[in-house]
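Have a look at the structure below, then the notes.
Read-outs throughout are calculated quantities, based only on the coordinates presented, and are distinct from any laboratory measurement. Owing to the predicted nature of the structure, the values given are computational and were not obtained by experimental measurement. Don't worry about glycine lacking a Cβ; one is built from the backbone with ideal geometry, like all the others, and counts go over all protein chains shown.
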Amino acid sequence: MNATDTRERILGRMFMDIHKNGFQGLRADRVIADLGITKGALYHYFPSKDAIGLAVIEEIIEPSYLAFFRNLEQTKGHPIDLLKEHLQELADKATQDEIYLGCPLNNLVQEMSPLNEDFRQKLKRVMDGMIHYSTLALEQGLAQGQVKAGTDCTAVASFMVAGMEGAYGVAKVQRSLSSFHRNIQQLLNYLELFRA
């Protein structure tokens, strides 16, 4: 196994442990024991626990969360439909286990933003990216007459992201997949209000 594979295996397992136990509950010693590697090998790739968490955000969370939103610019179609389809996909693929653990991004935002400025900045970049690319799509729709005239595209995009992340938070505390579905449905209804 080469160094890249080892690093990716470590990072993937650290992500799973953070998702399950939170960053502060991360037990790197348990993860490396499960992987059958030494502490020295871990610290070769990640010099500190914070370095692990920041790498998880940059290399796992950010690319996976922003993949859809970055592609909005190249995707043909009505921006309201595209955003609604993404939200519906999140609802359709959500499982009770995922709801129980919560959204990895939202979990870290809640846990680490007040405690660590480096984490806050990295997490902010992900949230800002979702809002930014959604705003651009809505603005393009506005220019093409697909979105209602006078729509504050940034406000709509920001509320959509807040609602999406809030839906995960409410469902997590309620341990209710149906709660998640209900709140996502309300977001779908909300977005429809801005169709021209």
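Side notes on the structure shown:
- Gain in span if fully extended, D81 to R30, counting 0.36 nm per residue against the direct Cα distance: 13.9 nm
- Net charge of neighbours whose Cβ lies under 15 Å from the Cβ of L82, counting Lys and Arg as +1 and Asp and Glu as -1: -2
- Distance in nm between pseudo-label sites at Q121 and L193 (7 Å out along the Cβ direction from Cα): 3.6
- Rounded, prolate or oblate (a/c below 1.5 giving rounded, otherwise prolate when a/b exceeds b/c) for region 116-196 by Cα gyration tensor: oblate
- Here the relative contact order of the chain, from alpha carbon pairs under 8 Å that lie six or more residues apart, stands at 24 percent.
- Per residue, the convex hull spanned by the Cα atoms of region 155-196 amounts to 44 cubic angstrom.
- Whether region 77-164 is rounded, prolate or oblate, judged on the alpha carbon gyration tensor where a/c under 1.5 counts as rounded: oblate
- Estimated at 0.36 nm per residue, the fully extended path between Y43 and S64 surpasses their Cα-Cα distance by 5.0 nm.
- Each Lys and Arg contributes +1 and each Asp and Glu -1, all at the Cβ; summed about the Cα centre of region 1-118, the dipole is approximately 320 debye.
- Ellipsoid semi-axes for region 12-90, based on the Cα gyration tensor and the rule √(5λ), read 35, 13, 9 Å when sorted largest first.
- A value for percent of Cα pairs over 29 Å apart was derived from the coordinates, and within the list (i) 27; (ii) 31; (iii) 15 it appears as (ii).
- On Cα atoms only, tilt of 177-192 relative to the major axis of the chain in degrees: 40
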